[in-house]
């Protein structure tokens, strides 16, 4: 994990899933904890190298790659853990992540590895939107729902840690259909991001390198989301069962699914698009002879 100084009081911890440090005097606030205990140990070494004390741990959202190291960091440092409501429930009970990916049933082994099933960690306090001081470190928490139900961005030290509110272009290209639980909320989050340009020196995504402005990334993400939603809409002209809608959408967007995990993640986004269509009355679901059909209403 690479320690990168972004401002006088903020650092990016560059890894497979990024973390960040916001410094105030001899105190540090950690933003996200990476995937696992090995990552957590690297974070502790980075904190030690800066000669600061870890005063708090903030989790942006409850996906395993962003909180998997929290339990070890909390036990080793004594720093309290903060997370948004609902996300906190998953952090404390991480089986909930593979459970919801598998429709609430006991998840199979493919969903029981560290990328989707993190180590449980108690959450000491809930995060609310707005200004706060955690362990004496001033921050601003900014709602960024859509990728996760109650994801929040964390700003401090002149830097905004945007988590997975917005994906770097290379990440967007790699995954094709990113994971979203609510596409309407995602659209709102992406529309709001450009207004933050100029307010911060750097923006740190959950994956990839920091950038000076976030507006162009937000626009590219919004375009991709619109393409996904359009592909699902087009699928309903030719398919009515989820398997057919899924196949049409992934084929239309040239997305290759190579593992059960990617299948379940991608399926969630397709379902989120269907849910958004149903919410506006554009599509309906109906069971006929024990089979669930989705249809356009107009």
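Of everything in region 74-105, what is in contact with a strand residue (DSSP E or B) (Cβ under 6 Å, 6 or more places away or on another chain), over 18 Å from residue 152 (Cα atoms) and assigned to a loop (DSSP other than H, G, I, E, B)? Give them in sequence order. Within region 74-105, 79 is the sole residue that qualifies. Can residue 254 be described as within 25 Å of the chain's Cα centre (by Cα) and loosely packed, with under 14 Cβ neighbours inside 10 Å? Yes, satisfied.
Does region 181-189 contain any residue that is at pLDDT 95 or above, closer than 25 Å to residue 280 by Cα and either in the same structural domain as residue 11 (by TED's automatic domain parsing) or touching a strand residue (DSSP E or B) at 6+ places or on another chain (Cβ under 6 Å) (or both)? No, because not a single residue in region 181-189 is at pLDDT 95 or above, closer than 25 Å to residue 280 by Cα and either in the same structural domain as residue 11 (by TED's automatic domain parsing) or touching a strand residue (DSSP E or B) at 6+ places or on another chain (Cβ under 6 Å) (or both).
Scan region 2-15 and tell me whether some residue there is assigned by TED's automatic domain parsing to the domain that holds residue 127, farther than 25 Å from residue 128 by Cα, surrounded by 19 or more Cβ atoms within 10 Å (Cβ to Cβ) and modelled with pLDDT of 95 or more. Yes, because at least one residue in region 2-15 is assigned by TED's automatic domain parsing to the domain that holds residue 127, farther than 25 Å from residue 128 by Cα, surrounded by 19 or more Cβ atoms within 10 Å (Cβ to Cβ) and modelled with pLDDT of 95 or more. One residue stands out among those in region 178-200 that are crowded, with 20+ Cβ neighbours inside 10 Å and over 14 Å from the mean Cα position of the chain (by Cα): the one that is farthest from residue 261 (Cα to Cα), which is 200. Screening the candidates 54, 73, 35 for the property of being surrounded by 24 or more Cβ atoms within 10 Å (Cβ to Cβ) and either under 24 Å from residue 6 (Cα atoms) or under 22 Å from the mean Cα position of the chain (by Cα) (or both) yields one hit, 73. The residues of region 106-144 that are part of a strand (DSSP E or B) and either crowded, with 20+ Cβ neighbours inside 10 Å or on the phi > 0 side of the Ramachandran plot (or both), listed by number, are 127, 130, 134, 137, 139, 141, 142. Beta carbons closer than 7 Å, at least 6 apart along the sequence or on distinct chains, pair a first residue in region 74-86 that is closer than 21 Å to residue 97 by Cβ with a second that is part of a helix (DSSP H, G or I) for 81/70; 81/74; 83/91.
The values are calculated or read from the model by the stated rules, or taken from the named source; none is laboratory data. Just so it is clear, the model here is predicted, and its values are computed rather than measured. Cβ: placed from backbone, ideal geometry, glycine included. Neighbour counts: every protein chain shown.
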